[in-house]
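The values are calculated or read from the model by the stated rules, or taken from the named source; none is laboratory data. Note that the coordinates shown come from a computational prediction; the quantities given were computed from them, not determined experimentally. Cβ: placed from backbone, ideal geometry, glycine included. Neighbour counts: every protein chain shown.
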């Protein structure tokens with residue numbers, strides 16, 4: 001590539017305006033917002049994705065996971081040797097917050113890797129970059145300001161490139177997503193059923209703790225019918241006794257004496273990247289571990305007073321919940337994970353799976369296709385949780401409401417639903433957070449442009465992103481002035497109204513759409529996702545599957561002009577069976593309850 005003397009990396013409208021006043025040879029749109037702003041003022045631009053092979057991220061993911069896990073295991077072994085009270089009690093400090101620490105490390109590694117390739121290809125003499133923000137980290141350890149502003153100046157300095165900051169620091173804060181928000185996507189009747197929590201009637205049965213989630217919401221009824229006592233995991237936490245003071249203080253003294261250095265995760269070369277990780281490591285060391293140690297001791301004391309037979313959670317976020325699980329497992333409680341399916345197993349997945357495999361005794365998956373993926377992954381890491389394909393209780397409940405559908409006529413107006421998912425390929429495979437993805441934005445925008453060419457249809461756009469600013473809702477309203485834009489709500493109900501559903505990646509949302517029987521055009525972009533063969537065969541049999549952007553957009557155009565209409569999906573299609581309901585008999589919650597109680601009995 002010919003050398004571009006001056007390059008501006010921009011993420012926000014303000015940065016576009018600031019860079020536009022300078023003499024810039026090349027604009028690099030590093031976010032959808034910047035891409036839309038540059039397009040609106042008629043400035044040519046390129047994306048980072050134009051200068052590196054996105055599929056390389058998939059190849060990096062496994063190597064990164066293996067090296068990071070080896071680093072974490074060696075580090076924890078060293079820390080436990082220095083803090084014998086932690087080792088004696090069974091408290092693993094690094095594992096309590098392993099996922100957020102890996103996400104912070106991966107976020108830096110991913111951006112650094114991509115920006116290095118971009119600078120190598122552009123070979124500039126002067127760059128403009130976002131202002132390096134300095135918002136203090138929160139306990140999830142995510143970056144809430146521009147990582148480009150943090151990384152680019154250091155990369156430029158190492159290459160002798162002049163670097164100039166643009167405007168004010170951007171804020172990429174993300175909203176929290178409590179379980180009530182996550183469950184809001186269920187139809188109203190199911191949501192009401194899912195939120196009927198509270199203490200079970202007193203009985204002599206085993207005590208089961210439930211975390212709030214899509215599928216665990218439906219476990220209470222079959223568990224209580226079998227005589228179990230059910231409590232919410234969060235309510236149980238709130239009733240813990242104080243931590244034993246002597247043991248608490250002994251652990252904290254040893255920890256403060258032992259954790260005096262900051263190790264460098266593999267791949268974070270250079271002082272700049274290391275310093276960005278250090279502030280998050282320090283928060284973990286000084287705040288999160290001491291609190292998690294107290295949580296661990298409180299949970300141990302509580303479990304000693306009233307034995308918990310099993311804890312069933314849809315996820316762990318690090319810190320207190322993992323510390324509580326460690327304490328419970330130490331006293332014989334079975335830790336059960338229930339919410340794997342949709343994306344997991346349909347696509348190969350490396351981002352979060354190790355935490356789940358380490359933290360739980362049993363993994364309840366949506367279908368046998370998911371087990372086929374996870375079981376060998378567990379063996380690779382020397383782990384042996386029990387895997388059971390029980391099906392999704394949530395998808396069962398949706399299938400029970402399904403109505404018969406007839407194929408839509410090829411001619412005439414149609415109801416068209418377009419929904420985009422939260423996480424794109426790079427986030428799935430490395431950093432675990434919603435990295436701005438201009439490649440995906442371009443595809444989404446071209447779909448909306450196709451809508452504008454076919455105004456005869458009725459369009460609904462559902463934006464499930466919400467983690468980064470996106471201009472797509474505005475683009476949609478301009479393309480289809482009478483279209484409906486929604487964020488949140490029931491995807492299933494929207495799919496029931498649709499004659500055509502357009503989806504941008506496999507997910508649990510796809511299972512909801514297929515439960516509605518909707519004809520689907522699905523993109524499983526081979527540049528960013530590793531679609532597994534079993535899932536690919538099943539998807540090809542039940543929907544229109546596209547493996548790249550051009551194939552996807554051709555299918556959308558053909559459906560809109562009526563030349564090729566996707567067929568409705570059948571209730572018993574192989575994909576839903578293998579990755580959603582397991583047996584299509586409506587008994588997923590019953591099977592999950594059976595496994596939970598059987599684990600509880602074996603631990604008694």
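As a summary of the residue check, residue 399 satisfies the conditions (1) modelled with pLDDT under 90; (2) within 22 Å of the chain's Cα centre (by Cα); (3) buried (at least 19 other Cβ atoms within 10 Å of the Cβ) except for the one numbered (2). Does residue 247 satisfy the condition of being surrounded by 15 or more Cβ atoms within 10 Å (Cβ to Cβ) and under 30 Å from residue 390 (Cβ atoms)? No: the conditions fail for residue 247.
Results for (1) modelled with pLDDT of 85 or more; (2) not in a loop (DSSP other than H, G, I, E, B), shown as yes or no for each residue.
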{"residue": "2", "(1), (2)": "no, no"}
{"residue": "8", "(1), (2)": "yes, yes"}
{"residue": "14", "(1), (2)": "yes, yes"}
{"residue": "34", "(1), (2)": "yes, yes"}
{"residue": "37", "(1), (2)": "yes, yes"}
{"residue": "43", "(1), (2)": "yes, no"}
{"residue": "59", "(1), (2)": "no, yes"}
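Is it the case that residue 91 is assigned to a loop (DSSP other than H, G, I, E, B), in contact (Cβ under 8 Å) with a residue 24 or more places away in the chain and touching a helix residue (DSSP H, G or I) at 6+ places or on another chain (Cβ under 6 Å)? In short, yes. Scan segment 514-538 for residues that are in contact (Cβ under 8 Å) with a residue 40 or more places away in the chain, within 23 Å of residue 371 (Cβ to Cβ) and touching a strand residue (DSSP E or B) at 6+ places or on another chain (Cβ under 9 Å) and the total you get is 7.
In summary, residue 413 fulfils each of the numbered conditions (1) assigned to a loop (DSSP other than H, G, I, E, B); (2) modelled with pLDDT under 90; (3) in contact with a strand residue (DSSP E or B) (Cβ under 9 Å, 6 or more places away or on another chain) with the single exception of condition (2). Taking (1) outside any helix (DSSP H, G or I); (2) buried (at least 19 other Cβ atoms within 10 Å of the Cβ) in turn, residue 288 satisfies each apart from (1).
The one condition from (1) assigned to a helix (DSSP H, G or I); (2) loosely packed, with under 15 Cβ neighbours inside 10 Å; (3) out of contact with any helix residue (DSSP H, G or I) (no Cβ under 9 Å at 6 or more places or on another chain) that residue 103 does not meet is (2).
Yes/no matrix, rows are residues, columns are (1) touching a residue at least 24 places away in the same chain (Cβ under 8 Å); (2) farther than 30 Å from residue 451 by Cβ; (3) not in a loop (DSSP other than H, G, I, E, B):
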residue	(1), (2), (3)
554	no, no, yes
575	yes, no, yes
580	yes, no, yes
584	yes, yes, no
591	yes, yes, yes
600	yes, yes, yes
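Would it be correct to say that residue 30 is in contact with a strand residue (DSSP E or B) (Cβ under 9 Å, 6 or more places away or on another chain) and within 30 Å of residue 354 (Cβ to Cβ)? For residue 30, the condition - in contact with a strand residue (DSSP E or B) (Cβ under 9 Å, 6 or more places away or on another chain) and within 30 Å of residue 354 (Cβ to Cβ) - is met. Among the conditions (1) assigned to a helix (DSSP H, G or I); (2) in contact with a strand residue (DSSP E or B) (Cβ under 9 Å, 6 or more places away or on another chain), the only one that residue 121 does not satisfy is (2). Candidates 432, 489: the one that is closer than 21 Å to residue 346 by Cβ, outside any helix (DSSP H, G or I), at pLDDT below 90 and under 26 Å from the mean Cα position of the chain (by Cα) is 432.
Note on segment 298-319: residues that are within 23 Å of the chain's Cα centre (by Cα) and surrounded by 22 or more Cβ atoms within 10 Å (Cβ to Cβ) total 5.
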